[in-house]
Amino acid sequence: MRRTRKVRNVHQRIVRAPAEAVGALVDRLATPEDPLFPTPVWPEMVLDRPLAVGAAGGHGRVRYRVTAYEPGRSVRFDTTDPGIGEGYHRFDVEPLGPDRCRVSHLLELSMDTRAFVVWKLAIQLVHDTMVEEIFDNVERAALGRLPHPPTRRTPRARLLNRLFWARPTAVPVSDDARLLHDAVARPDFTDAWRMPLKPGMDRDPAAWRHVLPAPVHGAAEHELLFGEDASHMDWRASVLLDDDSVTLVSAVRLHNALGRLHFAVARPFHPYMARLMLWRAHRRVAYAARPAGERNTTAV
């Protein structure tokens, strides 16, 4: 018989704001202007329809479905992936007077021993940090400020965040990289790497200035061009942004035998370095974003 372990995890916070105001924030979970989920540092909540019984989705690798919903008061999500355990998590808002309420998050799961070990070693710390940052956003959005220091991300939480961060994927070179195509009309080499942009991440190319330690050769509304010229080769790299993603595009033009030799040595390392620089810039821009409780203060 498979042995199961029980997990019960409770977080609560007293918020000096009316329950109606805090409940209205909970009602906006998983909307495009969700004021609570601590994105872009942590995964956003995504549902396949507006918040209601039957809506399905999750955040990151965690999958669930809404099984109970009382607008302005509570919402319950039951897990749909046995790999993480069977159970639920829920948000509740309890009035404590005209200008005070208690917001709580309860997680109850039954899981096998393997899942329980993963929970204790990695998931619990991430979960606890995310929930406390959600409560921070409740106060930011309801009070207009955070009345205490923000939740501290421990070194271990930051390490886990780093390990679970998305990785760039290879994509075709886009025709939208006009600055790069104009600068290198007949390249000897091109490649492109893309990452999704999370809610709250800056879409202004200027925010991505430090993706490469190289001079800027041009800027457009959705593109920033880097590069250097030498007697043996020229190279350009373009940071291309749209509503959903950021792409790092590279182009190289070789002039002579020295350039071909140089690039033959560098080429095996280029994909790794391009991915690393885009990945680092992606995390830097995400960490610099304003909290959701400050960004999304207007009800939708």
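Every condition in (1) under 21 Å from Pro291 (Cβ atoms); (2) buried (at least 19 other Cβ atoms within 10 Å of the Cβ); (3) more than 16 Å from the chain's Cα centre (by Cα) is met by Arg145 except one, and the failing one is (2).
Return the residues of the range 1-58 that are assigned to a loop (DSSP other than H, G, I, E, B), of a type in the set (Val, Ile, Thr) and surrounded by fewer than 19 Cβ atoms within 10 Å (Cβ to Cβ); say none if nothing qualifies.
Just the residues of the range 1-58 that are assigned to a loop (DSSP other than H, G, I, E, B), to begin with: 1-3, 16-18, 27-44, 48-55.
Still in the list and also of a type in the set (Val, Ile, Thr): 31, 39, 41, 53.
Residues satisfying the conditions are Thr31, Val53.
Can we say Leu109 is assigned to a strand (DSSP E or B), surrounded by 15 or more Cβ atoms within 10 Å (Cβ to Cβ) and among the hydrophobic types (A, V, I, L, M, F, W, C)? Here the answer is yes, as Leu109 does meet what is asked.
Cβ separations smaller than 7 Å between residues 6+ apart or across chains give the following pairs from the range 172-190 residues that are surrounded by 18 or more Cβ atoms within 10 Å (Cβ to Cβ) to residues that are of a type in the set (Asp, Glu) and not in a loop (DSSP other than H, G, I, E, B): Ala177/Glu223; Leu179/Glu223; Val184/Asp234.
Assess whether Arg275 counts as being closer than 15 Å to Asp182 by Cβ, surrounded by 14 or more Cβ atoms within 10 Å (Cβ to Cβ) and either assigned by TED's automatic domain parsing to the domain that holds Asp191 or of a type in the set (Ser, Thr, Tyr) (or both).
Values: closer than 15 Å to Asp182 by Cβ: no; surrounded by 14 or more Cβ atoms within 10 Å (Cβ to Cβ): yes; either assigned by TED's automatic domain parsing to the domain that holds Asp191 or of a type in the set (Ser, Thr, Tyr) (or both): yes.
Spelling it out, it is not the case that Arg275 is closer than 15 Å to Asp182 by Cβ, surrounded by 14 or more Cβ atoms within 10 Å (Cβ to Cβ) and either assigned by TED's automatic domain parsing to the domain that holds Asp191 or of a type in the set (Ser, Thr, Tyr) (or both).
For the range 143-164, residues that are part of a loop (DSSP other than H, G, I, E, B) and basic (Lys, Arg) total 3. Would you confirm whether or not the range 84-102 contains a residue that is of a type in the set (A, V, I, L, M), crowded, with 20+ Cβ neighbours inside 10 Å, over 29 Å from Val285 (Cα atoms) and out of contact with any Ser or Thr (no Cβ under 6 Å at 6 or more places or on another chain)? Yes, some residue in the range 84-102 is of a type in the set (A, V, I, L, M), crowded, with 20+ Cβ neighbours inside 10 Å, over 29 Å from Val285 (Cα atoms) and out of contact with any Ser or Thr (no Cβ under 6 Å at 6 or more places or on another chain).
Among the criteria (1) in a helix (DSSP H, G or I); (2) closer than 14 Å to Met201 by Cβ; (3) not β-branched (Val, Ile, Thr), the one Arg290 does not fulfil is (1). In the range 86-102 there is no residue that is modelled with pLDDT under 95, assigned by TED's automatic domain parsing to the domain that holds Phe135, in contact with a helix residue (DSSP H, G or I) (Cβ under 8 Å, 6 or more places away or on another chain) and over 22 Å from Glu139 (Cβ atoms). Among the residues in the range 76-93, are any out of contact with any strand residue (DSSP E or B) (no Cβ under 6 Å at 6 or more places or on another chain) and not in a helix (DSSP H, G or I)? No, that holds for no residue.
For every residue, the table says whether it meets (1) surrounded by fewer than 19 Cβ atoms within 10 Å (Cβ to Cβ); (2) modelled with pLDDT of 95 or more; (3) charged (D, E, K, R); (4) in the same structural domain as Leu240 (by TED's automatic domain parsing).
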{"site": "Lys120", "(1), (2), (3), (4)": "yes, no, yes, no"}
{"site": "Ala141", "(1), (2), (3), (4)": "no, yes, no, no"}
{"site": "Pro149", "(1), (2), (3), (4)": "yes, yes, no, no"}
{"site": "Arg156", "(1), (2), (3), (4)": "yes, no, yes, no"}
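Kindly check whether there is at least one residue in the range 211-228 that is within 30 Å of Glu133 (Cα to Cα), in a helix (DSSP H, G or I) and outside the structural domain of Leu36 (by TED's automatic domain parsing). Yes.
Within the range 248-261, one or more residues are surrounded by 13 or more Cβ atoms within 10 Å (Cβ to Cβ) and under 22 Å from the mean Cα position of the chain (by Cα).
For the range 54-69, which residues satisfy the criterion of being in contact with a Lys or Arg (Cβ under 8 Å, 6 or more places away or on another chain) and not aromatic (Phe, Trp, Tyr)?
Quick first cut of the range 54-69, residues in contact with a Lys or Arg (Cβ under 8 Å, 6 or more places away or on another chain) only: 54-57, 66-69.
Result: Gly54, Ala55, Ala56, Gly57, Val66, Thr67, Ala68.
Reported count of residues in the range 32-59, each being under 29 Å from Leu159 (Cα atoms) and out of contact with any helix residue (DSSP H, G or I) (no Cβ under 7 Å at 6 or more places or on another chain), is 10.
Restricting the range 217-240 to residues that are surrounded by fewer than 16 Cβ atoms within 10 Å (Cβ to Cβ) and among the hydrophobic types (A, V, I, L, M, F, W, C), the residue that is farthest from Phe263 (Cα to Cα) is Ala220.
The values are calculated or read from the model by the stated rules, or taken from the named source; none is laboratory data. All figures in this text were calculated on a predicted structure; none of them were measured in a lab. Please note: Cβ atoms are built from the backbone with ideal geometry, for glycine as well, and neighbour counts cover all protein chains shown.
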